[in-house]
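Read the structure below first, then the notes.
The values are calculated or read from the model by the stated rules, or taken from the named source; none is laboratory data. All values derive from a computational prediction rather than experimental measurement. With ideal geometry, Cβ positions are generated from the backbone for all residues, glycine too; neighbour counts draw on all protein chains shown.
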Amino acid sequence: MRLVSFIVTVCLAAGHASAQIAFEDESNPSFDEFSRQNSTVLEMIEPDAENEVGQSVGNGQVVDPRLFQGVLRMRTGGTCTASLIGPAVILIAAHCVQEDRRIAFVAGNLRVAGLCVISPTYNPVRHHDDWALCLLERRVSEGTVTFETVDISSRPAEGASVALTGYGCTFRGGPLDGRLRIGFSTVVDRPAGFRREPSAIFTESDVVQGEAFLCPGDSGGPLFVMGDDASGPRRIVGVNSRPTFEYGVSIFSALSSPSGAQFIREFASSTNEQICGVNRELGCK
């Protein structure tokens, strides 16, 4: 696991040992603009009047983002969803980012850089172990945001009710409206004929029966175990990976799987950062 920046070494030709290179104090505006164009943007969504009232939709209800301060929208050319799980750590799906990709976390007028690492066990073809973690250049000030809590020790059993969240579409091929939604579904066994994925959690996606389902744009978002009250306690047990409409299920990568728990613990240790549910309790949901 590595977070990479780069250093350029300037070698001067023989006979010019006394030559020196100097840099201007001001940053290069061309580089700044290029960096903005080539970074993935995560953002907190400001509440508005329409978000304060639940609106029934195909995969859940619109929720007030103030109740989910740690659930973020990521713009990558498309859309993904992410979770702020510590003062400087973001959890998202591996397929939403590139290894060592620079990101920009935007909150109001503030823009903070970050770098992402993908789980070393991630399979980009089959999307096994679909996790990535991003380290922010600056930590979020204490007391300003409630961070989401990860659960790396237990996973929901078959028949358990779980909450799906995301900024994705509400029906297959539908548009995205930039609103956060939450909906409930039931954990089911691996569908017949579907390949074995040790880290996978499957939920029913029977739209006719009102089950919530993943839709493009939800990828990377948190799968919660929680009660009926959105303001109550909750914990992230998986990362939204992908829907499989042909099998009638949505698929999540479980954080409590051996590879998931190891990836998160090693990230916390190697970066010396705090993650809610691993080495932090203060300010956690």
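Might you let me know whether the range 211-227 holds any residue that is touching a strand residue (DSSP E or B) at 6+ places or on another chain (Cβ under 9 Å) and without any contact (Cβ under 8 Å) to a residue 24 or more places away in the chain? So far as the range 211-227 goes, yes, one or more of its residues are touching a strand residue (DSSP E or B) at 6+ places or on another chain (Cβ under 9 Å) and without any contact (Cβ under 8 Å) to a residue 24 or more places away in the chain. Considering only residues of the range 166-205 that are surrounded by 13 or more Cβ atoms within 10 Å (Cβ to Cβ), farther than 24 Å from Phe263 by Cβ and aliphatic (A, V, I, L, M), which is farthest from the chain's Cα centre (by Cα)? Checked the range 166-205; the qualifying residue farthest from the chain's Cα centre (by Cα) is Val188.
Restricting Leu91, Leu133, Leu164, Leu84 to those that are in contact with a helix residue (DSSP H, G or I) (Cβ under 6 Å, 6 or more places away or on another chain), within 25 Å of Arg234 (Cα to Cα) and in a strand (DSSP E or B) reduces the list to Leu133.
In this structure, is Phe105 farther than 18 Å from Lys285 by Cβ and over 16 Å from the mean Cα position of the chain (by Cα)? No. Does Leu136 qualify as being under 17 Å from Ser270 (Cα atoms) and within 14 Å of the chain's Cα centre (by Cα)? Here the answer is yes, as Leu136 does meet what is asked. Filter the range 92-126 for residues that are under 17 Å from Arg75 (Cβ atoms) and touching a Pro at 6+ places or on another chain (Cβ under 9 Å) and give the result. Across the range 92-126, the qualifying residue is only His95.
Condition check ((1) surrounded by fewer than 19 Cβ atoms within 10 Å (Cβ to Cβ); (2) of a type in the set (A, V, I, L, M, F, W, C); (3) assigned to a helix (DSSP H, G or I)) across all residues:
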residue	(1), (2), (3)
Gly238	no, no, no
Ser241	no, no, no
Tyr247	yes, no, no
Ser250	no, no, no
Ser256	yes, no, no
Gly260	no, no, yes
Ile264	no, yes, yes
Phe267	no, yes, yes
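Looking across Val150, Val145, Val125, one residue alone is at pLDDT 95 or above and out of contact with any Asp or Glu (no Cβ under 9 Å at 6 or more places or on another chain). It is Val150. Here Ser161 fits the description: more than 15 Å from the chain's Cα centre (by Cα) and either surrounded by 14 or more Cβ atoms within 10 Å (Cβ to Cβ) or among the β-branched types (Val, Ile, Thr) (or both). Just so you know, in the range 77-91 the residues that are of a type in the set (S, T, N, Q) and surrounded by 21 or more Cβ atoms within 10 Å (Cβ to Cβ) include one that is nearest to Pro243 (Cα to Cα), and it is Thr81.
Out of the residues in the range 206-228 that are more than 15 Å from Phe252 (Cβ to Cβ) and among the hydrophobic types (A, V, I, L, M, F, W, C), which is surrounded by the fewest Cβ atoms within 10 Å (Cβ to Cβ)? Filtering first and then ranking leaves Val208.
Does Pro233 qualify as being modelled with pLDDT under 95 and more than 15 Å from Glu148 (Cβ to Cβ)? For Pro233, the condition - modelled with pLDDT under 95 and more than 15 Å from Glu148 (Cβ to Cβ) - is not met. Is it fair to say Gly70 is at pLDDT 85 or above and farther than 26 Å from Cys215 by Cβ? Here the answer is no, as Gly70 does not meet what is asked. Thr144 falls short on exactly one of the conditions (1) surrounded by fewer than 16 Cβ atoms within 10 Å (Cβ to Cβ); (2) out of contact with any Lys or Arg (no Cβ under 8 Å at 6 or more places or on another chain); (3) under 22 Å from His95 (Cα atoms), and that condition is (3). In the range 176-187, the residues that are closer than 20 Å to Ser161 by Cα reach residues that are hydroxyl-bearing (Ser, Thr, Tyr) and in a loop (DSSP other than H, G, I, E, B) with C-beta atoms within less than 9 angstrom, at least six apart or across chains, in these pairs: Leu180/Tyr167; Arg181/Tyr167; Arg181/Thr170; Ser185/Ser205.
Test each condition in (1) farther than 19 Å from Asp151 by Cα; (2) among the aromatic types (Phe, Trp, Tyr); (3) not in a loop (DSSP other than H, G, I, E, B) for Phe202 and report the one that comes out false. Phe202 satisfies all of (1) farther than 19 Å from Asp151 by Cα; (2) among the aromatic types (Phe, Trp, Tyr); (3) not in a loop (DSSP other than H, G, I, E, B) except (1).
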